[in-house]
Protein chains: 2
Amino acid sequence: MRARDINKVELVKQKAIELLVELGFEGFTMNKLAKACGVSVATLYIYYKDKDDLIQNIGLEEVQRMSAIMLEDFDPESSFSEGLRQQWKNRAKCILENPLTAQMIEQLRSSTYQEKIFQTFGEIFKEPLGKFMHNAIEREEIVDMPLESYWSVAFGPLYSLLRFHNEGKSLSGKPFVLTDEVLWSAFDVVLKGLKK
Amino acid sequence: MRARDINKVELVKQKAIELLVELGFEGFTMNKLAKACGVSVATLYIYYKDKDDLIQNIGLEEVQRMSAIMLEDFDPESSFSEGLRQQWKNRAKCILENPLTAQMIEQLRSSTYQEKIFQTFGEIFKEPLGKFMHNAIEREEIVDMPLESYWSVAFGPLYSLLRFHNEGKSLSGKPFVLTDEVLWSAFDVVLKGLKK
DNA sequence: TTCATTAGTGAATGAATATTCATTTATATT
DNA sequence: AATATAAATGAATATTCATTCACTAATGAA
């Protein structure tokens, strides 16, 4: 039996992400992907059932990889302030170090693959994040409100900042660089609001 | 000379938005749009130069329509607290009352049309929002930081909440409804942080 | 009413695109 | 080394899709 070339599989995955981001869903085709990989189109159909399967699998794999990074060194039992800061650190790092994947996931979020993506994120984060929030409420570190509100206040500004940074677009005219200082000063404002 | 049927033009626009959201960029085709409208494909090419032109024009028109709503009753000279609340009110109303358009714009944001969309929003908002921020800083209602940081802290949570609501996905398991109470309690947390 | 002009159409057309197939090639096992 | 098995391929195939074209139908202007 002949073994599947792992490097080739990885190459396909990497190029797929690159092309999806570069061309968007509109422009992404199996033939372009094959050409970009220097591989026969038929090979893609050995790895994946069809185009949909390819996008979905690569998408979900990346979601899982990113999620794992986001939960590194995060302890649901830690104090709210400490836990939130760890989350920020992880998420910022994750997105800044994986800009292509982050953009692809953004695209998937606002596409017909939305549901699957959301479900996967939900399954992974529900338990640790839920427990963390529950603890914080019990310790009276934050007031009780729907989990969605917390999520939005806690991470909304972060993702917004990261989006500006990734898209390289500046509201102020001046070039916008996402320094630690900028990141933390914005967060600081939110933190002040979250602390009891 | 024969006049163009305005109702038909409007129908095409409306159905285009519906189909783009329902099928995503991957699934949206001129033939499907024509069929959904009960119109010949060729007719679409009377209204628009090509598929790209159709998407771009409809997208930008909607961006402008939404922007106008977002700036209703907004006075750059008002106090920071008042102005920000007005912006929240407008943006929430805008998105809750135009869910399809909002979703389409989200899709455009993370597609290859990104640049044009961003540029248009930028042109419309730069002046009023810039002046508003400038005033707030001068009056020492908020501390000085990049416009992007303000934007993110001020609107990040809102858009995040609205996204949960639109996507009907709940982190907590319990159904999530975006009541005024939820909206304002989340904002309140942010506002506490923004106020000096 | 007549006419010129543009709206609107149904049926092509040709280019892409997703997918398959008949072979060839590499390699793990014997 | 021989063999079996699956990987990999290049060239089809069948389908879908954007766009065009030859033609008909309205309608504003004269």
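Since every read-out is calculated from the coordinates, none of them should be taken as a lab result. Predicted model, so just to flag it, every value in this text is computed and none were measured. Ideal geometry is used to build each Cβ from the backbone, glycine not excepted, and the neighbour counts take in all protein chains shown.
Numerical summary
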quantity	calculated
GNM flexibility winner over chain B from B:128, B:146, B:157 (Cα, springs under 10 Å)	B:146
Label-point separation in nm, residue B:23 to residue A:119, each point 7 Å along Cα→Cβ	2.4
Cα-based convex hull, segment A:126-196, per residue volume (Å³, whole number)	107
Per-residue average of Cβ from other chains inside 10 Å of A:180-186	4
For residue B:20, net neighbour charge (Lys/Arg +1, Asp/Glu -1) across residues whose Cβ lies under 14 Å away	-3
Positive-end residue of A:176, A:191, A:88, charge dipole of segment A:74-196 with Cβ unit charges	A:176
Dipole moment magnitude, nearest 20 debye, the protein assembly as shown about Cα centre, only Lys, Arg, Asp, Glu C-beta charged	1000
Percent RCO, i.e. relative contact order, over chain A, from Cα pairs under 8 Å lying at least 6 residues apart	19
Shielding by partners - mean other protein chain Cβ count within 10 Å, residues of A:20-28	4
Distance (nanometres) between label positions extended 7 Å along Cα→Cβ at residue B:52 and residue A:140	6.2
Length gained when the stretch residue A:1-residue A:81 is fully extended (0.36 nm per residue, less Cα-Cα span)	23.3 nm
Packing-based order for B:11-22, A:129-140, A:98-109, using average beta carbon neighbours within 10 Å, highest first	A:98-109, B:11-22, A:129-140
Taking the C-alpha atoms of segment B:59-194, convex hull volume expressed per residue in Å³	114
Local electrostatic count at residue A:146 - Lys and Arg +1, Asp and Glu -1, tallied over other residues with Cβ under 11 Å	-2
Förster radius 45 Å - calculated FRET efficiency between residue B:96 and residue A:10 (Cβ-Cβ, nearest 0.05)	0.55
Segment B:6-47: translational diffusion in µm²/s, Stokes-Einstein, Kirkwood Rh over Cα pairs, 37 °C, 0.692 mPa s	324
Trypsin sites (Lys or Arg not before Pro) within segment B:146-192: DSSP coil, no more than 11 neighbouring Cβ in 10 Å	none
Calculated [θ] (222 nm, deg cm²/dmol) that DSSP helices of n ≥ 4 give over chain B, each run adding -39,500 (n - 2.57)	-25000 deg cm²/dmol
Charged-residue dipole, Cβ positions (Lys, Arg, Asp, Glu), segment B:6-47 about Cα centre, Debye nearest 20	160
Average Cα contact separation per residue, segment B:6-47, under 8 Å, 6 or more apart, as relative contact order %	38
For chain B, size of Cβ-based charge dipole, Lys and Arg +1, Asp and Glu -1, in debye	620
Values of log10 I(q)/I(0), in the order q = 0.06, 0.10, 0.14 Å⁻¹, for the protein assembly as shown under a Debye, Cα-only, solvent-free model	-0.26, -0.73, -1.34
For segment B:1-138, the fraction of alpha-carbon pairs in successive 5 Å shells from zero, as %	2, 9, 17, 19, 16, 13, 9, 7, 5, 3, 1, 0
Flagged links, alpha-carbon separation over 21 Å, of B:89/B:131; A:116/B:32; B:89/B:192; A:126/B:174; A:35/B:32	A:116/B:32; A:35/B:32
Part-to-part distance (alpha-carbon centres) for segment A:1-61 and segment B:40-84, which is given in Å	36
Under 13 Å, Cβ to Cβ, from residue A:46 - net charge with Lys/Arg +1 and Asp/Glu -1	+1
